[in-house]
Amino acid sequence: MVLKVFFPSCCSTAESGILIGRWISEQNSAVVLAVIHFPFIPVQVKQYLSEVQQVTKVSISVLGSWNNSKQEKEESLGEFLEDLGTIFSHEPWIQISKEGASKFWSCSTLQKHSNNPKEEEIILVYYDQRKVMLSHLHPPLDTAASTAHRADNASELSAVFDTVARSKVLFMTDRYDDGPIKLTHWQSDGVEASIIVELMKQASVPACMLLTFLLSLISGVCRSRVLKFWPLSFLWSKLSTCEQLRHRLQHLQVISSNKKAQNQTQLMRKANIFVSLLIDVALGMLLMSWLYRKNRIGHLADTLIPVADHVAEELQDLLQWLMGAPAGLKMNRALDQVLGRFFLYHIHLWISYIHLMSPFIEMILWYVGLSACLGLTVALCILSDIIALLTFHIYCFYVYGARLYCLKIYGLSSLWRLFRGKKWNVLRQRVDSCSYDLDQLFIGTLLFTILLFLLPTTALYYLVFTLLRLLVVIVQGLIHLLVDLIDSLPLYSIILRLCRSYRLAAGVKFRVLEQQDGKPLRLLMEINPLSYGSVVHTYRLPTYSCYPKDSWTSLCKKLFLGELIYPWKHKGEKQD
Amino acid sequence: MEERPYRSASGAPIALRRRQHSASCRELSVRCPRLQLRSLSAVTSAVWLAAYGLFVLSQNSMVLSAAIFVTLIGLIIYLHFVKIDQESLLVIGSLGIQVTSSYASGKESTTFIEMSQVKDVVINEAIHMQKVIYYLCILLQDPGDPQGVSEVVPLFQSSKPRLDCLVEVYKSCQEILEQRKTAPQSG
């Protein structure tokens, strides 16, 4: 059978010694973690290995010998290394030797208890120890769910990655430590550390505690009874700014919790939330500085009232057009006038309110603009809410038109059943035949005729206002889409994939190195990074809004029947 | 190492190169038909003629610069994401099978499938456009069901070699896959 030896490329220039690592017998492969140099005392080596095994829970043992001779072959050393095989009994005992500066090493195994004397083929796989230790192997998305089956035939590569990742303690000693054991591994020239990272770790503890304290104060205030009275709670539930602020507060709570992240997913989520918040606040500050320079807020406030006036005037023109002969259609004069005057009066009220508020608009806008420093997403939500408030009259008209139309449609369908001599059985939820009296039939038919001939007028008003409402909903929807994008994009993961692509591994790739006959097969194992699409899919942050589950057909059906549509619902809101 | 010429399913000339690195490691690469200068210049001149026609109609010189820009960007996207130069299969007995596609711009996209996941390598038939073609594919083992197949990974999708080339590749792969069936009895 083929024997696979995973050899770290940093140990290629190490002095002679013995190899330590993990032997995976199911796959007949040996993962070499380090080389212990001479002189050493075997008892101390065994003690050290058992200590490391206790801490890392990885079964590390002595795998074989490594002979790096700078000059010609040293016969005595070779015999000495073979004798070591009897002290550290390991089956099979792997012997790797390198001559001079040659790239091609000779590899052999000693099997004492095997009854098959056949020479087995050896594959030498070089791997970059530091990259394999830091990387996280992502299983393919479809098999991630069926992890139950994975337990018994764990993949070989994940075993290798797991071994190296869990042996961090082994790599903590370097050659400047005074101990009985002298190791060579990727960190043996000096343990790597970064001053900035250490300082930030020290500073993060008090910062987290302060943040937790502030957040508990804020959430205490939010939960107080004062804010739960009916008009206020209704207002908070309708404004999307409050939802966004609540969402961000949750994020801050996640970051500032002092529990360490248990696994890779939680760590990445924390990091993603942190970077997302940072970028959000930075963009918000940029927007704020742009708005407050050259008094743009004042200009905005000055143009707001004329824009609202303009919208109201356009609506009035529209209603006048509907009250005349719109698109050549002939409307019922009396109903037309009633509906038209009713809506015109509403617009008149609305304009009066706007003009009443006009002296305060600039101040309100100035203070509201300050909240852009909380983040760009908050500023966009405020924009969406301002649009909703300014087009409130369109929403009211849509509701009136829809209710009227809905009433008419239900009345028509019920009277149509009467016309045919049938009735809706509420108990049995079906249509039953029914014998009506003559006067019931007479009045029913009269009402049916009236409603039928008044239908075009109501339908036209309903159509016009529904289209306007849909326009506003589309604009608001686009803004919310942008907010969701900023909220859920895992920026830290994308930057990590860009700069340190070996940290997020989808798999490995092998490169065949130069071969020589008679020597073992040499392969280089490199990390195959995850694609950007999978990175975004795996590490997306969850958002609070859910997109409409209605299909297009049910939407059209609702529009036809005149039922009110609520396209953008938030998770946790009760369905109306 | 040997290289032999074959034909693809559409008649274009391709070449199969076989390398034996060791007793249990083989590399098989199929070189796809190269980008033809004729088709490249035909497409470029068509786009530029259309742009010039629009320019004559609208007298807006932006059309010309937009056409140049579009041609350049289109060529870069085609070379980097669409045009595959070479597809290779590296079979390492007891480790796995590695499938590599190298694009005309030098980009390489690799997938490695471990030997424990590979059930078999077979030649299948498929209906492609108006033809029935043969293609080589790797059958992946279903972890729950020892007889089941969880996924089919088609190989050489861009070069589409004909049956004679596929049979050569199939034989090479099967020789190495056979070794893993006989292996557990020893050692």
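The values are calculated or read from the model by the stated rules, or taken from the named source; none is laboratory data. Quick caveat: nothing in here was measured; it's all calculated off a predicted structure. Quick reminder, even Gly has a Cβ in these numbers, built from the backbone with ideal geometry, and neighbours come from all protein chains shown. Heads up: the accessible areas ignore ligands, DNA and RNA and are worked out on the full protein's heavy atoms, side chains in. Shrake-Rupley method; radii C 1.70, N 1.55, O 1.52, S 1.80 Å.
Odds and ends about this structure:
- Of all accessible heavy-atom area on the protein assembly as shown, the percent that carbon and sulfur account for (1.4 Å): 63
- Averaged over B:103-111, number of beta-carbon atoms from partner chains that fall within 10 Å: 2
- Label positions at A:L199 and A:K168, each projected 7 Å from the Cα along the C-beta direction, are separated by 2.3 nm.
- Ellipticity estimate at 222 nm from DSSP helix runs (n ≥ 4, -39,500 (n - 2.57)) divided over chain A, nearest 500: -19000 deg cm²/dmol
- Around the Cα centre of segment A:330-465, unit charges on the Cβ atoms of Lys, Arg, Asp and Glu (plus for the first two, minus for the last two) sum to a dipole of about 700 debye.
- Shielded by partner chains, segment B:8-26 residues - at least 50 Å² of accessible area, 1.4 Å probe, vs chain alone: B:H21
- Estimated inter-spin distance, A:F360 and A:S433, nm [label 7 Å along Cα→Cβ]: 6.6
- Highest mean packing first, where packing is the average number of other Cβ atoms within 10 Å per residue, the peptides B:78-88, A:241-251, A:293-303, A:195-205 line up as A:241-251, B:78-88, A:293-303, A:195-205.
- Label-point gap, in nm, between A:I479 and A:V368 - each point 7 angstrom along Cα→Cβ: 0.9
- Length released on extending from A:C208 to A:D317, taking residue separation times 0.36 nm less the Cα-Cα span: 33.4 nm
- One chain, two ends: A:K557 and A:T445. Fully extended at 0.36 nm per residue, the span grows by 37.7 nm beyond their Cα-Cα distance.
- Relative contact order of chain B, pairs being alpha-carbon contacts under 8 Å that are 6 or more residues apart, as %: 19
- Distance from the alpha carbon centroid of segment B:129-163 to that of segment A:1-38 works out to 37 angstrom.
- Computed extension gain for A:L524 through A:R333, at 0.36 nm per residue and net of the alpha carbon distance, reaches 60.1 nm.
- Distant-in-sequence amide contacts of A:K509, defined by a placed amide H-H separation under 5 Å and a gap of 5 or more residues or a different chain, comprise A:E526, A:I527, A:N528.
- Interface burial for B against A (accessible surface, 1.4 Å probe, total of both chains, Å², rounded to 100): 1900
- Accessible area, probe 1.4 Å, largest first, for residues B:R7, A:R225: A:R225, B:R7
- Averaged over the residues of peptide A:504-512, the number of Cβ atoms from other protein chains lying within 10 Å of each residue's Cβ is 5.
- Calculated FRET value between A:S289 and A:S501, using beta carbons and R₀ = 30 Å, to 0.05: 0.30
- For segment B:37-82: rounded, prolate or oblate by the Cα gyration tensor [a/c cutoff 1.5]: oblate
- Over the protein assembly as shown, accessible surface divided per residue gives 58 Å², non-protein components excluded, 1.4 Å probe.
- The order of the peptides A:429-438, A:406-415 by mean Cβ neighbours within 10 Å, most packed first, is A:406-415, A:429-438.
- Cross-link partners of A:K98 among lysines, defined as those whose alpha carbon lies under 30 angstrom from its own and excluding same-chain residues fewer than eight positions apart: A:K4, A:K46, A:K70, A:K73, A:K112, A:K118, A:K131, A:K168, A:K182, A:K509, A:K519.
- Cβ-placed point charges (K, R +1; D, E -1), dipole of the protein assembly as shown about Cα centre in debye, nearest 20: 2280
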